[in-house]
Structure formats: C-alpha cells, structure tokens
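Step one of this worksheet: look at the structure below.
The values are calculated or read from the model by the stated rules, or taken from the named source; none is laboratory data. Computed from a predicted structure; not experimentally measured. Neighbour counts are summed over all protein chains in view; Cβ atoms, including those assigned to glycine, are modelled from backbone coordinates with ideal geometry. When the accessible area is computed, the model is the full protein with side chains, heavy atoms only, and any ligands, DNA or RNA have been set aside. Shrake-Rupley method; radii C 1.70, N 1.55, O 1.52, S 1.80 Å.
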Amino acid sequence: VAEADEERDLEAICALLEGAGYKVCTASSYANVVQCMEESSYIPELLVSDIALPDVNGIELYRKLSHMAGVWLNVLFISAYSGAEVLKAYGLPMSDIHFLAKPLDSSVFLARVRSLIERPITLGLAS
C-alpha cells in the first residue's frame with residue numbers, strides 16, 4: 001500500500017514498485033487508502049507512506065491501517081523533512097530503516113523496500 005502527499009510522488013513510487021515486480025495499491029487520500037485496505041483480501045507486506053499528508057499524518061494512517069489489519073504493519077515512511085527525528089516527534093519508536101528523506105533515490109528506495117519485506121521489523125505504537 002502506498003500513499004504520498006503529491007500525485008507525482010505517488011506515481012513515481014508506484015512505477016518503481018511495479019517495475020520491480022511488486023503488487024501496489026495506491027491511494028491519493030486517507031479515505032482512498034482505507035477503502036483499498038477494506039477491499040483487499042490480504043495484509044500488505046509493506047505500507048509506504050509520506051509523513052505529511054493532506055487529510056491525516058502518516059503516523060495516524062499507520063495506526064489506522066494496523067488496527068484494521070489486526071497487526072502492526074511493516075512500514076516505510078518518506079518525507080521532505082530530513083532525519084528520523086521527525087518520527088520521534090510523533091511518538092513512534094523507529095529506527096532509520098523505516099525512514100527515507102525525499103527526494104528518493106530509486107536504488108536506495110528499492111533496496112530499503114526489499115530489506116523491509118525480507119526482514120520485517122515489527123513495530124508497535126500506543127493508540
């Protein structure tokens with residue numbers, strides 16, 4: 001599942017993931033991503049989300065989708081903000097493995113996606 005704050009970011013992420021052979025459910029709004037999750041018959045291997053979204057921040061989206069799935073999802077946050085410190089501001093205990101700053105380097109992005117899918121790190125977050 002991928003959600004980004006700008007349509008061109010979403011299209012680029014989708015193209016990268018699909019080009020690498022991943023099945024992608026994209027959404028351009030909070031309502032769309034919730035609908036995508038409701039309609040899917042599987043738990044996504046990875047949620048890729050921008051931190052700053054128009055309707056709700058990426059952390060809240062992560063909480064909501066994890067609640068819907070009944071498990072903490074594997075997640076990769078992206079942001080124009082630099083550093084994982086922005087994640088700490090939202091109260092999420094994350095390592096840098098779960099954060100990439102924009103602009104994204106396609107090879108680094110795909111390597112991080114592969115790494116997170118092959119070796120998921122379970123995260124929890126108080127509601």
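Structural remarks
- Evaluating 6.51 cos²θ - 1.76 cosθ + 1.60 at θ = phi - 60° for every residue in the range 29-39, the Karplus couplings come out as 8, 4, 4, 5, 6, 5, 4, 4, 5, 5, 7 Hz, glycine and proline recorded as x.
- Residue 48 long-range amide H proximity, modeled H, under 5 Å: 2, 3, 76
- Backbone phi angles across the range 43-49, fed through the Karplus curve with coefficients 6.51, -1.76 and 1.60 (θ = phi - 60°), yield HN-Hα couplings of 8, x, 6, 7, 9, 10, 9 Hz in residue order; Gly and Pro are listed as x.
- Under-5 Å amide H pairs with residue 100, H placed in peptide plane, nonlocal only: 77, 78, 79
- Heavy atoms of residue 81 accessible to a 1.4 Å probe, total area in Å² rounded to 10: 130
- Per-residue HN-Hα couplings for the range 56-71 [Karplus 6.51, -1.76, 1.60; θ = phi - 60°; Hz; x = Gly/Pro]: 7, 6, x, 5, 5, 4, 4, 4, 4, 5, 5, 4, 4, 7, x, 9
- Peptide ranges 10-21, 57-68 listed from the most packed, as the mean C-beta count within 10 angstrom indicates: 57-68, 10-21
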